[in-house]
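Scroll down for the structure; my scribbles are underneath it.
Since every read-out is calculated from the coordinates, none of them should be taken as a lab result. No experiment lies behind these values; they were computed from the predicted model shown. Every residue, glycine among them, receives a Cβ derived from its backbone with ideal geometry; neighbour counts consider all protein chains shown.
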Amino acid sequence: MSVEEISLDLNRKEPPDEFDVILAKVKKFAAVAGVIGGAFGLCFSIAAWLLTDKPLSRGHFAMPFICGFGLSAMVTGVALLLAPESFFNSETGREYMQAIGTRNVRSAKIAITVALLLGCVAAFVLALGALQIAGIIA
């Protein structure tokens, strides 16, 4: 093997897995969702500061970050929930499986479902709090 052949082999890149391409798009969408969630959290914090007598500044300061990261994580979670089992055998999929803490695809999807349900409950509670602060509900 000559030096030219070795350099050609080192520069060659494998084509990306089909789900890796989709996951890249999901990450972009999740970033946009995070910005929208952060904007919603900022609006919630400003409304709470203006409408309450004694606002809790620590909780209101964290609200844009909580909403932004939460919405971004939920979008990524839905994508992982809908991912085919073959994705979890790829290198990227194994990283997600390690982060979840399991080697079984079914238990990973159950953990993702539980996390998404908890996220929906948290969003519902935040929405009720926002409506209560605004005086729409008692």
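Worth a mention:
- Listed from fewest to most Cβ neighbours within 10 Å, the set Val105, Val32 follows the order Val32, Val105.
- Dimensions (Å) - segment 80-138, Cα atoms, principal axes, largest first: 50, 16, 14
- With the gyration tensor restricted to C-alpha atoms of segment 27-134, the semi-axes of the equivalent ellipsoid amount to 33, 13, 10 Å, longest first.
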